[in-house]
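The values are calculated or read from the model by the stated rules, or taken from the named source; none is laboratory data. Predicted model, so just to flag it, every value in this text is computed and none were measured. Cβ atoms come from the backbone with ideal geometry, glycine included; neighbour counts cover every protein chain shown.
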Amino acid sequence: MPDYMGVLRNLITNLEETPGFTVEELGKQQIDGRTLLGFRATHPEAEITIWADPETALPVRVEQVSGQMRVICRNLQFDVPLDESLFSMEVPEGYKVQQADLDLLGSTEEDFIEGLRVRAELFGEGQFPDDVSVEGYLKQASQMVEKTEALDLSDEEETALEKTLQKHLLFIRFFSLKGEGKWTYRGQGVKLGEAETPIFWYRPKDSVTYRVIYGDLHVEDTAPEDLPEPLDPADITPAAPRYGTWSKPDVVGRQEDYWYFLADGRIRVEAYLTLLKGPRDTSVMPVRLPYPEAPLEAVLLDRQPLTLRQTGDGAYDVELPVEKLTGSAVKLLCQWHLSPTDLQEAAYGYQVRLQALVPAVSYKLKVALEDGCGLEFVEPLASTKDPSEPWAVPFSIGNPPKPTTTFGSCGIAVRKRQ
């Protein structure tokens, strides 16, 4: 029998080593009437949960949450005999190959609106769909296929229709790349042409106003206070800051650190640095780590590594790509590892330095413990930590008198597991 337990462990290890992901073991729980072993991988923009058979290690259920989309895969089957012809790339008799280009990330608001029009005219008898989420689209897919067949379209017309619907769906599927916060849909029961009825609104990336789509598919820019419905305070997301230049020599930003105590005895550090301003005449950003003994391993922008050069103990110069800076939000991921021996031991755990990589206007430290690291949280962190979250927050500050790299020190209250 194949080593499925090894495969599962490799999968979990790959997730742990993927930038931005933190993995926790959920233990055994009753899921769908079975006792399953769970692992959850969390990321600032997504969450993946894998439930596996504790005896065979075969995945039984996989859940993924990204923004407002939730995908659940179950009824998984393994080692099912399959005819090799199913994997043949030969074109079946009566079919022909067509070349089609589809940019998975290039869907626009216009593509989404055109999809709304098509879904109302061709599939809704003049009425908008009840749901525009990916899940809602998939539920309606079989009915749409039947109606498409009844239209008796030419091959070219059917291909064009499929492309229109795909790009319409991709706007929602990759909404996190286009919009901030949550989108709202109120098109259920609305007929195409109702010009006074708002059916969809969202806030584009880096915008302070919302885009509201009406029943006749015209669009208006609207201030948050003038939206068709009041915003839930939990849904209000501040616009992402735009990077700008100034006459001062420093790069200034906001920083949020994630320290993860690993089972192998190390501490993995992932520092998310949002850049706000920098000097006009240079693209070099000097950074300095709080613990010089731990070398900076990588700095990523849009998952691409940037060039860095060590200039001293714990000091580095990072090359910033000028073409990706001005006018857009710039968020870097800086990675390194610490050893607990680098930290100052205290009766309650560790006393740690709070130092930002560049002068910062806000700084937050979050800490999580990997199963097997041999540690547990104690007071005061134990009582303030949200039980549903892996992260404890020992320190957070915003809007200091001026941007600074030094925020003093704080305690991380942990002890060896009893």
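Just one of the listed residues (Ala368, Ala356, Ala360) is crowded, with 18+ Cβ neighbours inside 10 Å, touching a Lys or Arg at 6+ places or on another chain (Cβ under 7 Å) and modelled with pLDDT of 90 or more, namely Ala360.
When segment 126-154 is examined, which residues are found to be touching a strand residue (DSSP E or B) at 6+ places or on another chain (Cβ under 8 Å) and in a loop (DSSP other than H, G, I, E, B)?
Gly126, Phe128, Asp131, Val132, Ser133 - these are the residues of segment 126-154 that are touching a strand residue (DSSP E or B) at 6+ places or on another chain (Cβ under 8 Å) and in a loop (DSSP other than H, G, I, E, B).
Is it the case that some residue within segment 155-162 is in contact (Cβ under 8 Å) with a residue 60 or more places away in the chain and assigned to a helix (DSSP H, G or I)? Checked segment 155-162: at least one residue is in contact (Cβ under 8 Å) with a residue 60 or more places away in the chain and assigned to a helix (DSSP H, G or I).
Is there a residue being at pLDDT 85 or above, over 21 Å from the mean Cα position of the chain (by Cα) and exposed (fewer than 11 other Cβ atoms within 10 Å of the Cβ) anywhere in segment 46-60? Within segment 46-60 (the criterion being at pLDDT 85 or above, over 21 Å from the mean Cα position of the chain (by Cα) and exposed (fewer than 11 other Cβ atoms within 10 Å of the Cβ)), the answer is yes, since at least one residue qualifies. Annotation note: of Asp155, Asp131, the sole residue that is touching a Lys or Arg at 6+ places or on another chain (Cβ under 9 Å) and closer than 24 Å to Asp232 by Cα is Asp131. If only residues of segment 170-216 that are polar (S, T, N, Q) and without any contact (Cβ under 8 Å) to a residue 60 or more places away in the chain are counted, the one that is nearest to Glu125 (Cα to Cα) is Thr197.
Out of Leu343, Leu381, one residue alone is surrounded by 15 or more Cβ atoms within 10 Å (Cβ to Cβ), of a type outside the set (Val, Ile, Thr) and under 23 Å from Ala298 (Cβ atoms). It is Leu343. Scanning segment 86-139 for residues that are modelled with pLDDT of 85 or more and polar (S, T, N, Q) turns up Ser88, Thr108, Gln127, Ser133.
Looking only at segment 373-383, decide whether some residue is without any contact (Cβ under 8 Å) to a residue 24 or more places away in the chain and over 16 Å from Val352 (Cα atoms). Scanning segment 373-383, I find at least one residue that is without any contact (Cβ under 8 Å) to a residue 24 or more places away in the chain and over 16 Å from Val352 (Cα atoms), so the answer is yes.
With respect to the conditions (1) surrounded by 13 or more Cβ atoms within 10 Å (Cβ to Cβ); (2) on the phi > 0 side of the Ramachandran plot; (3) in contact (Cβ under 8 Å) with a residue 40 or more places away in the chain, Arg303 falls short on a single one, namely (1). For segment 105-153, the tally of residues that are surrounded by 12 or more Cβ atoms within 10 Å (Cβ to Cβ), farther than 23 Å from Val71 by Cα and small (Gly, Ala, Ser) stands at 2.
Filtering segment 154-180 to residues that are of a type in the set (Ser, Thr, Tyr) and surrounded by 14 or more Cβ atoms within 10 Å (Cβ to Cβ) leaves Thr164, Ser176.
Going residue by residue through segment 376-384, is there one that turns out to be among the charged types (D, E, K, R), in a strand (DSSP E or B) and modelled with pLDDT under 95? Taking every residue of segment 376-384 in turn, at least one turns out to be among the charged types (D, E, K, R), in a strand (DSSP E or B) and modelled with pLDDT under 95. Hey, any hits in segment 278-300 for a residue that's in contact with a Pro (Cβ under 9 Å, 6 or more places away or on another chain), closer than 26 Å to Lys205 by Cα and modelled with pLDDT of 90 or more? Yes, some residue in segment 278-300 is in contact with a Pro (Cβ under 9 Å, 6 or more places away or on another chain), closer than 26 Å to Lys205 by Cα and modelled with pLDDT of 90 or more.
For Lys163, the stated conditions do not hold, so it cannot be described as assigned by TED's automatic domain parsing to the domain that holds Val330 and out of contact with any Asp or Glu (no Cβ under 8 Å at 6 or more places or on another chain).
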